[in-house]
Amino acid sequence: MLTGRHLIEPGNFTLDEMDRLFKLAEQIEEDPAYLRDSCRGKVLATLFFEPSTRTRLSFEAAMLRLGGSCLGFAEPGSSSVAKGESLADTIRTVSCYADAIVMRNPKEGAALLASRYAEIPVINAGDGGHHHPTQTLTDLLTIRQLRGDIGNLTVGFCGDLKFGRTVHSLAKALSCYPHIRMVFISPPELKVPAYIKTGILEKEGIEYRETDTLEKVIGDLDVLYMTRVQRERFFNEEDYIRLKDSYILNREKMEPARKTMIILHPLPRVNEIALEVDQDPRASYFKQAKYGMYIRMALLASILGVPDGAALYMQK
Ligand code: CP
């Protein structure tokens, strides 16, 4: 049962619990009216200390479609944080007004801290360069929908693998699925952190390799996960400018790719996927954004307590 639970990082939910969420999201996609009123009378607080389009709006759309309501802020300047209020006091206060909190914060570990002070479930919508677990649920649902299964896949992660929290979360989650191989494609300065490689992949016996050349490996991939270079995490603008266009996926670079490969991107995109690639049937990033709303509907309904019918469905 997910009722009342926090979601701070992948690993908080078991594979079985995630599988139930995917099934519920698929049911909602098939019948958008399913669970329509399951959150009537419930309030979701969205506390965004960093910019967002997809995560905040898909959570709010999800809650509204479930019959609930939303409150919150989209930038910290409009909350009492601007007057110096601590995160702990903010969370304690919001716990009095809402039934669940979705929070994005630039500090790694902020969501975990919030969960320790909250009286209600906290969902991490991104904590610095650390984790973004609901993007991972979105990514896994998209893979499952477009590839039929999550397993026996070669997944290439390309771009800013150092600061890209969606990469860290997805690599961690995928390491729990069978026969996953990973290829990390980045400039040397933006390699995936050692804690992911030694602390997760090597521990789980996951086959992985690193390269700085997309063209060398694109033909081996089942999933290509493109990411933008995370300007906001750089200490030095010159480094960002030097690295920002390290990879630009275009039609020519796609030529050696498999016909069945899917291109994912958590978005926002800056320059790393040329607009001409959007016409390629393998470009799946806008479908991915839509799946983000369905999985967040499934997640909110489950965390806030789904009605009996849905609970029965989820047990199937
Ligand atoms: N994927 C993602 O987190 O997008 P936003 O920053 O727009 O929420």
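Scanning segment 20-43 for residues that are buried (at least 17 other Cβ atoms within 10 Å of the Cβ), among the small types (Gly, Ala, Ser) and farther than 16 Å from THR142 by Cβ yields one hit, SER38.
Determine whether ASP160 is assigned to a loop (DSSP other than H, G, I, E, B), buried (at least 24 other Cβ atoms within 10 Å of the Cβ), away from the ligand (no atom under 13 Å from the Cβ) and assigned by TED's automatic domain parsing to the domain that holds GLY219.
Numbers: assigned to a loop (DSSP other than H, G, I, E, B): yes; buried (at least 24 other Cβ atoms within 10 Å of the Cβ): yes; away from the ligand (no atom under 13 Å from the Cβ): yes; assigned by TED's automatic domain parsing to the domain that holds GLY219: yes.
For ASP160, the condition - assigned to a loop (DSSP other than H, G, I, E, B), buried (at least 24 other Cβ atoms within 10 Å of the Cβ), away from the ligand (no atom under 13 Å from the Cβ) and assigned by TED's automatic domain parsing to the domain that holds GLY219 - is met.
For segment 24-49, the candidate set comprises residues that are among the hydroxyl-bearing types (Ser, Thr, Tyr) and assigned to a loop (DSSP other than H, G, I, E, B); within that set, the residue that is nearest to LEU300 (Cα to Cα) is SER38.
For PRO268, the stated conditions hold: it is at pLDDT 95 or above, over 21 Å from GLN145 (Cβ atoms), within 15 Å of the ligand (Cβ to nearest atom) and not in a strand (DSSP E or B).
Mind counting the residues in segment 258-279 that are out of contact with any strand residue (DSSP E or B) (no Cβ under 7 Å at 6 or more places or on another chain), surrounded by fewer than 21 Cβ atoms within 10 Å (Cβ to Cβ) and under 21 Å from SER246 (Cβ atoms)? Explain how you work it out, then say what you get.
Residues of segment 258-279 out of contact with any strand residue (DSSP E or B) (no Cβ under 7 Å at 6 or more places or on another chain): 258-260, 266-271, 275-276, 278-279.
Remaining after also requiring surrounded by fewer than 21 Cβ atoms within 10 Å (Cβ to Cβ): 258-260, 267-271, 275-276, 278-279.
Retained after the next criterion (residues that are under 21 Å from SER246 (Cβ atoms)): 267-271, 275-276, 278.
The number of residues fulfilling the criteria is 8.
Per-residue answers, yes or no, for (1) more than 13 Å from the ligand (Cβ to nearest atom); (2) part of a helix (DSSP H, G or I); (3) modelled with pLDDT of 95 or more; (4) not hydrophobic (A, V, I, L, M, F, W, C):
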{"site": "CYS70", "(1), (2), (3), (4)": "yes, no, yes, no"}
{"site": "VAL81", "(1), (2), (3), (4)": "yes, yes, no, no"}
{"site": "SER115", "(1), (2), (3), (4)": "yes, yes, yes, yes"}
{"site": "LEU140", "(1), (2), (3), (4)": "yes, yes, yes, no"}
{"site": "ILE143", "(1), (2), (3), (4)": "yes, yes, yes, no"}
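For the subset of segment 44-57 comprising residues that are within 14 Å of PRO268 (Cα to Cα) and more than 7 Å from the ligand (Cβ to nearest atom), which member is surrounded by the most Cβ atoms within 10 Å (Cβ to Cβ)? So, considering only residues that are within 14 Å of PRO268 (Cα to Cα) and more than 7 Å from the ligand (Cβ to nearest atom), the one surrounded by the most Cβ atoms within 10 Å (Cβ to Cβ) is GLU50. Annotation: ALA33 fulfils all but one of (1) away from the ligand (no atom under 16 Å from the Cβ); (2) in contact (Cβ under 8 Å) with a residue 12 or more places away in the chain; the unmet one is (2).
The set of residues from segment 50-68 being over 17 Å from the mean Cα position of the chain (by Cα) and outside any helix (DSSP H, G or I) comprises LEU66, GLY67, GLY68. Here is the figure for segment 226-244: residues that are part of a loop (DSSP other than H, G, I, E, B), more than 18 Å from HIS265 (Cβ to Cβ) and touching a helix residue (DSSP H, G or I) at 6+ places or on another chain (Cβ under 6 Å) total 1.
Taking segment 210-233 as the range and being surrounded by fewer than 18 Cβ atoms within 10 Å (Cβ to Cβ) and within 16 Å of PRO193 (Cβ to Cβ) as the test, the residues that pass are GLU210, ARG233.
Scanning segment 3-12 for residues that are surrounded by fewer than 21 Cβ atoms within 10 Å (Cβ to Cβ) and closer than 11 Å to LEU299 by Cβ yields one hit, ARG5. Among the residues of segment 93-100, are any at pLDDT 95 or above, assigned to a strand (DSSP E or B), under 18 Å from GLY292 (Cβ atoms) and more than 16 Å from the ligand (Cβ to nearest atom)? There is at least one residue in segment 93-100 that is at pLDDT 95 or above, assigned to a strand (DSSP E or B), under 18 Å from GLY292 (Cβ atoms) and more than 16 Å from the ligand (Cβ to nearest atom). Spot the failing condition for LEU24; the list is (1) within 16 Å of the ligand (Cβ to nearest atom); (2) under 20 Å from the mean Cα position of the chain (by Cα), and only one is missed. Unmet condition: (1).
The values are calculated or read from the model by the stated rules, or taken from the named source; none is laboratory data. Given the structure is predicted, the values throughout are model-derived calculations rather than measurements. Virtual Cβ from ideal backbone geometry, glycine too; neighbours counted across all protein chains shown.
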